[in-house]
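Please treat every number below as a calculation from the coordinates, not as lab data. Everything quoted here is computed from the prediction, not taken from an experiment. No Cβ is skipped: glycine too gets one built from the backbone with ideal geometry, and neighbour counts run over all protein chains shown.
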Amino acid sequence: MYAVIRDRGRQYRVEEGSVLLVDRRDDAKPGDEIRFAEVLCLGGGEPRIGTPAVKGAAVVATVVGEAKGPKLMVFKMRRRKNSRRRQGHRAKYTELRITRIEG
């Protein structure tokens, strides 16, 4: 069984036991449980699609820890002006393990 959930403007396809990286949550500590009540679709034998969410469905996940994404280099240059700027960026994520899908 799988589910499609929405979390802060992004959609994720999850299954039980899978590991998911979401944007960093300040309030999440390792071992905490997070409940996603906005389930857009439940799949399996007979899929259930919500309008916009499936009523009574939820996904429960446990916080594993924090993770960092790949380092990105942003380089801006204006030609013939001797103007260059280099900046690095590395996104921080919260790592979740999906424990159960209710519905």
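In segment 62-103, counting only strands (runs of 3 or more DSSP E) that sit wholly within it, the ones holding 1 or more residues that are closer than 24 Å to E33 by Cβ and in contact (Cβ under 8 Å) with a residue 12 or more places away in the chain span 92-102. Cβ-Cβ contacts under 8 Å between residues 6 or more apart (or on different chains), taken from a first residue in segment 20-45 that is without any contact (Cβ under 8 Å) to a residue 24 or more places away in the chain to a second residue that is assigned to a strand (DSSP E or B), are listed as A37/A58. Consider segment 47-63. How many of its residues are in contact with a Lys or Arg (Cβ under 9 Å, 6 or more places away or on another chain), over 12 Å from R6 (Cα atoms) and not hydrophobic (A, V, I, L, M, F, W, C)? So the answer is 1.
In segment 22-55, the residue that is farthest from Y93 (Cα to Cα) out of those that are among the small types (G, A, S) and either exposed (fewer than 11 other Cβ atoms within 10 Å of the Cβ) or touching a Cys at 6+ places or on another chain (Cβ under 7 Å) (or both) is G45.
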